[in-house]
1. Would you please name the residue that is farthest from VAL70 (Cα to Cα), looking only at residues in region 191-207 that are touching a helix residue (DSSP H, G or I) at 6+ places or on another chain (Cβ under 7 Å) and outside any helix (DSSP H, G or I)?
2. Could you check, for region 100-114, whether at least one of its residues is of a type outside the set (D, E, K, R), over 28 Å from ILE22 (Cβ atoms), open to solvent by 80 Å² or more (accessible area, probe 1.4 Å) and modelled with pLDDT under 95?
3. Which numbered condition in (1) more than 30 Å from ASN135 (Cα to Cα); (2) open to solvent by 20 Å² or more (accessible area, probe 1.4 Å) is the only one that SER178 fails?
4. Condition first: more than 18 Å from the chain's Cα centre (by Cα) and either of a type in the set (Gly, Ala, Ser) or surrounded by fewer than 13 Cβ atoms within 10 Å (Cβ to Cβ) (or both). Now tell me which residues in region 78-99 satisfy that.
5. Please go through (1) out of contact with any helix residue (DSSP H, G or I) (no Cβ under 9 Å at 6 or more places or on another chain); (2) of a type outside the set (D, E, K, R); (3) open to solvent by less than 80 Å² (accessible area, probe 1.4 Å) for SER143 and return the number of the only condition it doesn't satisfy.
6. Could you tell me how many of the residues in region 106-159 are over 24 Å from LEU64 (Cα atoms), charged (D, E, K, R) and touching a residue at least 40 places away in the same chain (Cβ under 8 Å)?
7. Got at least one residue in region 65-82 being at pLDDT 95 or above and assigned to a loop (DSSP other than H, G, I, E, B)?
8. Please verify whether region 41-59 includes one or more residues that are closer than 24 Å to THR196 by Cα, of a type in the set (Val, Ile, Thr), surrounded by 12 or more Cβ atoms within 10 Å (Cβ to Cβ) and at pLDDT below 95.
Amino acid sequence: MINKIHNEDCLKTMSRMPDNYIDVIITSPPYNLGKYHHTGNKNTNSYSDNMNEEEYQDWQLQVLNECYRVLKKDGYMFYNHKNRIKNGTQITPYSWILKSLFNIKQEIIWINRSQNFDKIRFYPWTERIYWLTKNPKTKIFNSLNKPDYFDWKEWKPVGTKGSHKRAFPVKMVEDLLSVCLNAKIVYDPFMGSGTTALACINLGKQYIGSEIEKEYVDLSRKNIE
C-alpha cells in the first residue's frame, strides 16, 4: 500500500487501513463547480464535477470522517477547498466540515489570484486550507515563520497548465509537510496528477494516494517516474 497510487475510490482505499495509521493527510477534492466552468476566458470541463449539492456535501462529510478514523491521534489533515457561488449564494466548506468529527485548528488563506474576472462581484482570488486535527492540543512547528496566508508568489498556481486542470503547487505540499512534527506516512485521497506524491519524494517521506480516474493515475505515475 505504501508509495503507491491506488486507482479506486478513496473510501475503498481507506477501508483497508487500520485506525490511527496515517501521519498527515493533504488533499484537494473536486469542488463541485458544475458541468461547465471557466478560468479566465477559457471554458473548462476537465472531469465530472456536477453532483447534487446535498449529495456532494454528504460525500465530503463521509470522506472527512473516514480520514479522521485513519489519521493518527496526533496527526494532521490539510483540506484545500474554496468558497463557491451557486445561484447567487456563497457556499462555504464550513457547511460540512463543522459536521465532521474533526477539530478545526486553523484556516489558512491562499491568495492564488484565480482568473475569475466576473464584474458582478469582487473577484474571488482566494482558496482555503483548513488545518484539521483529532486533538485540539496538536501543534505544528512554524519553521516557515509565516502568518495564516500565502500569496500567489509563494505558492504559484498551476491549475491551468498541463493535463490536469486543477493541480495545486508542489511547494504548497512541501511547506505544509515541513511544519508537521514526526510526519512519515502521508495520504492524499484525491491524488490527481501526483502533486502530493512528488512532494513526499522530494522530502523523503512515504506516500499513499487514491485516484478514481485512470487517466490521472497514469499521469501521476509518469510524473513520479
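1. The extreme case among them is SER193.
2. From region 100-114, those of a type outside the set (D, E, K, R) are 100-104, 106, 108-112, 114; that's our starting set.
Next, from what is left, pick out any that are over 28 Å from ILE22 (Cβ atoms): 111, 114.
After this cut, where a residue has to be open to solvent by 80 Å² or more (accessible area, probe 1.4 Å) as well, the list is none.
Within region 100-114 (the criterion being of a type outside the set (D, E, K, R), over 28 Å from ILE22 (Cβ atoms), open to solvent by 80 Å² or more (accessible area, probe 1.4 Å) and modelled with pLDDT under 95), the answer is no, since none of the residues qualifies.
3. It is condition (1) that SER178 fails.
4. If the condition is that a residue be more than 18 Å from the chain's Cα centre (by Cα) and either of a type in the set (Gly, Ala, Ser) or surrounded by fewer than 13 Cβ atoms within 10 Å (Cβ to Cβ) (or both), then LYS86, ASN87, GLY88, THR89, GLN90 are the ones that fit.
5. Tallying (1) out of contact with any helix residue (DSSP H, G or I) (no Cβ under 9 Å at 6 or more places or on another chain); (2) of a type outside the set (D, E, K, R); (3) open to solvent by less than 80 Å² (accessible area, probe 1.4 Å), SER143 fails exactly one: (1).
6. Result for region 106-159: 2.
7. Taking region 65-82 as the starting set, the residues that turn out to be at pLDDT 95 or above are 65-82.
Filter once more, keeping what is assigned to a loop (DSSP other than H, G, I, E, B): 82.
Checked region 65-82: at least one residue is at pLDDT 95 or above and assigned to a loop (DSSP other than H, G, I, E, B).
8. Taking region 41-59 first, the residues closer than 24 Å to THR196 by Cα are 44-49, 56-57, 59.
Within this subset, residues satisfying the condition of being of a type in the set (Val, Ile, Thr) are 44.
Adding the requirement that they be surrounded by 12 or more Cβ atoms within 10 Å (Cβ to Cβ) leaves 44.
If we keep only those that are at pLDDT below 95 as well, we get 44.
The answer is yes; a qualifying residue exists.
The values are calculated or read from the model by the stated rules, or taken from the named source; none is laboratory data. Since the model is a prediction, treat every value here as computed from it, not as a measurement. We place every Cβ from the backbone using ideal geometry, glycine too, and count neighbours over all the protein chains shown. Heavy atoms of the whole protein, side chains included, go into the accessibility calculation; ligands, DNA and RNA do not. Shrake-Rupley method; radii C 1.70, N 1.55, O 1.52, S 1.80 Å.
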